[in-house]
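In what follows, a structure is listed as structure tokens, so that the remarks can point back to it.
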Amino acid sequence: MDQAAGAQKGLMSLKEVVERTGIPAATIRYYDQQFEEYLGITRGAGRRRLFSQESLKRLNELRRLLKEEGLSLRQARKVLSSDGGASTAAGQDALKAEVEALRRQVKSLEEQVNRLKEIQSRTLALVDGLTQR
């Protein structure tokens, strides 16, 4: 199936999807590798990706989960899997809580790094003071 045949069936090329979504082609290819079954992207001549309206909708949902919700690939798979149990609102809330807990951990670690940098700076100043005597 070539691009003209794809267009007749309501399918879009990768270039068209990039223009519509603003998602870089390399990112779309990566998402296709990681979430092939979920996205349901069909292949045309030369294994070119062809996107239906449904696969475009799913691509946008995947981007939302990864970029806006801040989920990891593993967490996104869990949300998107029908048997993962996380496709319910409660499951999504649990994942959001996990992401928030991880953000708090990162903030705490950043604060610790800043304190250690201050200690290092004071220690170096003391060493400089001792070696100049």
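Miscellaneous remarks
- Near pairs, Cβ below 8 angstrom, 6+ apart or cross-chain, from segment 1-28 (farther than 18 Å from LYS67 by Cα and modelled with pLDDT of 90 or more) to any residue that is assigned to a strand (DSSP E or B) and of a type in the set (Ser, Thr, Tyr): LEU11/THR42
- Tally, over segment 51-91, of residues that are surrounded by 12 or more Cβ atoms within 10 Å (Cβ to Cβ), modelled with pLDDT under 90 and among the hydroxyl-bearing types (Ser, Thr, Tyr): 3
The values are calculated or read from the model by the stated rules, or taken from the named source; none is laboratory data. Because the structure is predicted, anything quoted here is derived from the model rather than measured. FYI the Cβ positions are ideal-geometry reconstructions off the backbone, even for glycines, and counts take in every protein chain you see.
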